[in-house]
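Student: My questions all concern the structure below.
The values are calculated or read from the model by the stated rules, or taken from the named source; none is laboratory data. Values in this document were obtained by computation on a predicted structure and should not be read as measured data. Using ideal geometry, Cβ is built from the backbone for each residue, glycine included, and neighbour counts are taken over all protein chains shown.
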Amino acid sequence: MTRRYRFLLSPTWLGWLGLCTLFALACVFLAQWQIDRRDQALEEIGRVVSNYDEDPVSYSEVRELFHDPSADDEWTVTRVTGEYLEDETRLVRNRAHAGSIGYEQLVPFSVAGTDDVVVVSRGWLPTDSADGSRPAYMPQPPEGEVEMVMRLKPGEPEIDRDAPAGQLASVDLDEYATEVDRDLVLGAYGQMASEDPAPEETPQQLARPELDEGPHLSYSMQWYAFGLLGFVGWGYAARVQARHDELSDEEDDLDDGRHRAAGVPRQERLREARRRQRLRSGRLTDEDVEDAWTEEHLLRR
């Protein structure tokens, strides 16, 4: 390290460098967090692309998935025959759809030929405008034997939030089973795609998941850039300090007996030191050029 930058070894400057390092580490952590979120979004997109539009398979082929699903099983399409248990219908409150908040209608479905009772989300219901505590309408599922196509969705975690009677805070299958006092399939539930016979009135079908990874990649790059800017700022401050020290040295050189005797103010001596530095570096201002011309053509006559 040159003598010019020896001040960087002082406790103050080393302390600032340490703060820059801590800031950079925090930025790296936040950038990695955004990358992890992007990876999760890409995994979800992959599951939608792989499963959402596939031809339905029989329930017997995917029965175990409803009991013990993995993340890759989400959106698996299955065809199932059975009967709705309408009396045990529940509403999931505070569900977003198309920019609005409403309810999701859940109805248990007894699968024919098995003892399984699978929870089915029949779709979304808007909130009543006059009374926000209930849906605007309550469509009834078809009676008797129903052939349905549905997509597998893992059950949701419990939410520490109260819900009115007949409603749930989330698609918490364990809580649902406790409320209806029935052995439900607890691993996953079905999101209805179609049902036959089709009733006259149905809930609004939930929207297809968007294939959008979000802005996480750009955010991660921004955090990396912020971490780098901390060191850039530290280096710029060091450069300014070094130049300031040079000017102080120049001022000391000019501050000899002749200047003191002549009574040259300190501000003028500092201005002269800065001018000499610009002359050495070749970066002259218009004022420097005018001063040089005046000194050469007028003052020396």
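Student: Here are the criteria: (1) surrounded by 13 or more Cβ atoms within 10 Å (Cβ to Cβ); (2) within 28 Å of the chain's Cα centre (by Cα); (3) not β-branched (Val, Ile, Thr). Tell me which single one Met138 does not satisfy.
Tutor: (2)
Student: Looking only at segment 111-131, count how many residues are of a type in the set (S, T, N, Q), modelled with pLDDT under 95 and either in contact with a Phe, Trp or Tyr (Cβ under 9 Å, 6 or more places away or on another chain) or assigned to a strand (DSSP E or B) (or both).
Tutor: Within segment 111-131, residues that are of a type in the set (S, T, N, Q), modelled with pLDDT under 95 and either in contact with a Phe, Trp or Tyr (Cβ under 9 Å, 6 or more places away or on another chain) or assigned to a strand (DSSP E or B) (or both) number 2.
Student: For segment 188-200, indicate whether the set of residues that are of a type in the set (Phe, Trp, Tyr) and within 30 Å of Glu175 (Cβ to Cβ) is non-empty.
Tutor: Yes: segment 188-200 contains one or more residues that are of a type in the set (Phe, Trp, Tyr) and within 30 Å of Glu175 (Cβ to Cβ).
Student: For segment 164-178, give me the residue count where each residue is surrounded by 17 or more Cβ atoms within 10 Å (Cβ to Cβ), in contact (Cβ under 8 Å) with a residue 24 or more places away in the chain and not in a strand (DSSP E or B).
Tutor: Number satisfying all stated conditions: 4.
Student: Oh, and also: Would it be correct to say that Leu152 is touching a residue at least 12 places away in the same chain (Cβ under 8 Å), in contact with a strand residue (DSSP E or B) (Cβ under 7 Å, 6 or more places away or on another chain), part of a loop (DSSP other than H, G, I, E, B) and of a type in the set (A, V, I, L, M)?
Tutor: No.
Student: Identify, please: which residue in segment 182-224 is of a type in the set (A, V, I, L, M, F, W, C) and buried (at least 18 other Cβ atoms within 10 Å of the Cβ) and is, among those, modelled with the lowest pLDDT? Spell out how you get there, then give the answer.
Tutor: Here is the first cut: in segment 182-224, the residues of a type in the set (A, V, I, L, M, F, W, C) are 184-186, 188, 192-193, 198, 206-207, 211, 217, 221, 223.
Next, from what is left, pick out any that are buried (at least 18 other Cβ atoms within 10 Å of the Cβ): 184-185, 188, 192, 206, 223.
Numbers: Leu184: 94, Val185: 94, Ala188: 95, Met192: 95, Leu206: 89, Trp223: 95.
Top of the filtered list is Leu206.
Student: If you check Gln204 against the conditions, is it more than 27 Å from the chain's Cα centre (by Cα) and not assigned by TED's automatic domain parsing to the domain that holds Arg79?
Tutor: yes
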